[in-house]
Structures are given as structure tokens and as C-alpha cells.
């Protein structure tokens, strides 16, 4: 089982998968387009978020470490620093340790694996690449890092351009390619299709690996009850020229996916599981994971649309 994830939706579904498949059979490939160097550390928001969820160390907000404190941020503010990226003390320690390891020439993949073992994550979390890919957003006439756009600018304003800088030359790691090649089912989590999954699909070798995989590739829609639960998914999908919904999702993932999971009645021409997408608590996460796995297992690859390489 391989899950592609970025953001809270993908991380929550990955945690639900632990109630369905053996932990050693689950690999999560996480987006690194959000990565940022800040406060002397290297922050990998999506790989860390997935790791925290899989280790059952997630806090009540759904994105930080349980029990974390913010003394460093408080002192930086007292010293006159303008803080827009609020990082917990334990989170900062992880970021500093990661920056030190990378400065020593170590791979991001190896550092993330060590973090997973230390925190107690029982499934494998793989960064999509060891090479830098950085998402940049042009909004209101200015370029922003993704964190600046989402946090400092609160995702407001018309999106005028999105770039995944470095994606054309970055390559997926051997571990990512091996996981995809050996998968029996690949699930694209209910993550933002533009800024969470988009950076992965912008890497030609990773897109080709998904298109060539013998396993069914199933996308779970991030649109729940006709609405976006979190983040600027609607604005970003419209920037890409599609309407928010499963039809737009199928267009963005054309050439990669075989089937979709949605709560909409829209016909995409793909095999479709229609179900409740709301992951309310542990039971909701496990239910959606179980239904998605069963749906994927029911697909006959000989009768699903032939995928082509699109970039």
C-alpha cells in the first residue's frame, strides 16, 4: 500500500490505513514542496505531519506535536522578531537536527526515517525527493513561499501563478520508486491537488512511475459535502482552470489515476466509490480507509482506462 499525502487530509487518511493494513505494508510518500529553512532549522511540514499522525503524537490542532511548548517563539517576539511561522519547541528541535544532518551531507530520506523511529511511527514515511523542490505562489502581485502565502497572507487574494521550482530536475528517491513499483494499491490522499500533490506530479519521473504502475491508482477527493474543509483548495483549482469538485480533480490527475472516491454524484467516466468523506475521529478515518482499500482491491486493471504519460 502506498499513500501520497500532503497536509492534514492525506495524513489523517494515512493514519486510518493503520487500522486496515499491517504497518510494515504501508508506505506514505510525502510532499516536500512546503519545506522551508527558518530559525536556523529545516522544516519539512508534510513529512513531519504524517509522521506525527502515524506515531499518535499529533496535538489537538491537528498539525503539531502533542504537549509542545512555544517558549522559543515567545522569546523571539520579546526580542522584537516578527513571527508569522509559529513553531513549537520540539518541532524546532527536529528542524535544527534536520538542518545539521543535511549540512553534513546526509539524505533527507534517512533523516526522516530516523525521526519516525524516534517518535514511534510504525509505518514508513518517505520524502518525495532528496533534492529541493519549492512551491512558490504569485498572489496580489508578489511571490510568496507557500508558508508565507498560507500563514502570513492567510491564503487571501487572487492566485496568479504557481511554480514548483526545481521539480523538473528533481528525481524521486530509489525508495519511492521501489515502493510504487511494488505496490498492490496506490492511494492519492484527500490533499490539496495543486500544492500538496502537484509538486509530486511535477517531477516527470514520479509521474511516469505512477502512470506505469501495475497497481490501481485511486484518488480520494478533498471536497467534502461540496466544500473545502481547510486551505485555499478552491482558489487554486480555479487557477488551474477547473471547478472545485471531483470532475476537476479527475482532470488534474488525468493520465495518472484509475478511479476516484467522492461523495458527489458527478460522473467522471472513471470507476467511482461514492461514500461519506468526513473523517470524524478514529472511527471515521478507519472507515474511509477500509472502504478505499476494498474499492481499490475490487478494481480490474484490465478494464480501467489506459493511462498515458502527461506532464
Index of the failed condition, residue 208 passing every other in (1) outside any loop (DSSP other than H, G, I, E, B); (2) under 15 Å from the mean Cα position of the chain (by Cα): (2)
Inside the range 180-190, can you point out the residues that are buried (at least 18 other Cβ atoms within 10 Å of the Cβ) and more than 16 Å from the chain's Cα centre (by Cα)? 183, 185
Residue 193 surrounded by 21 or more Cβ atoms within 10 Å (Cβ to Cβ) and more than 30 Å from residue 82 (Cβ to Cβ): yes
I'm checking my understanding of the structure. Among residues of the range 212-235 that are under 24 Å from residue 131 (Cβ atoms) and buried (at least 18 other Cβ atoms within 10 Å of the Cβ), which one is modelled with the lowest pLDDT? 213
Return the pair list, or none, for Cβ contacts closer than 9 Å from residues in the range 129-156 that are at positive phi and modelled with pLDDT of 85 or more to residues that are surrounded by fewer than 17 Cβ atoms within 10 Å (Cβ to Cβ) and outside any helix (DSSP H, G or I), at least 6 apart or on different chains. 141/160
In contact with a helix residue (DSSP H, G or I) (Cβ under 7 Å, 6 or more places away or on another chain), surrounded by 16 or more Cβ atoms within 10 Å (Cβ to Cβ), closer than 27 Å to residue 3 by Cα and in contact (Cβ under 8 Å) with a residue 24 or more places away in the chain, is that true of residue 111? no
Residues of the range 274-284 being in contact (Cβ under 8 Å) with a residue 40 or more places away in the chain and either closer than 13 Å to residue 187 by Cβ or outside any helix (DSSP H, G or I) (or both), which ones? 277, 278, 279
Do we have any residue at all in the range 228-241 that's in a loop (DSSP other than H, G, I, E, B), free of Cβ contacts under 8 Å to residues at least 60 places away in the same chain and either under 21 Å from residue 50 (Cα atoms) or under 16 Å from the mean Cα position of the chain (by Cα) (or both)? no
Condition test on residue 174, is it without any contact (Cβ under 8 Å) to a residue 12 or more places away in the chain and either under 17 Å from residue 48 (Cα atoms) or surrounded by fewer than 19 Cβ atoms within 10 Å (Cβ to Cβ) (or both)? yes
Where in the range 76-186 are there helices (runs of 4 or more DSSP H), lying wholly inside it, with at least 2 residues that are in contact with a strand residue (DSSP E or B) (Cβ under 7 Å, 6 or more places away or on another chain) and under 27 Å from residue 25 (Cβ atoms)? 108-119, 174-181
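The values are calculated or read from the model by the stated rules, or taken from the named source; none is laboratory data. These numbers were taken from a predicted model, which means no experiment stands behind them. Positions of Cβ are generated from backbone atoms using ideal geometry, with glycine treated the same way; all protein chains shown enter the neighbour counts.
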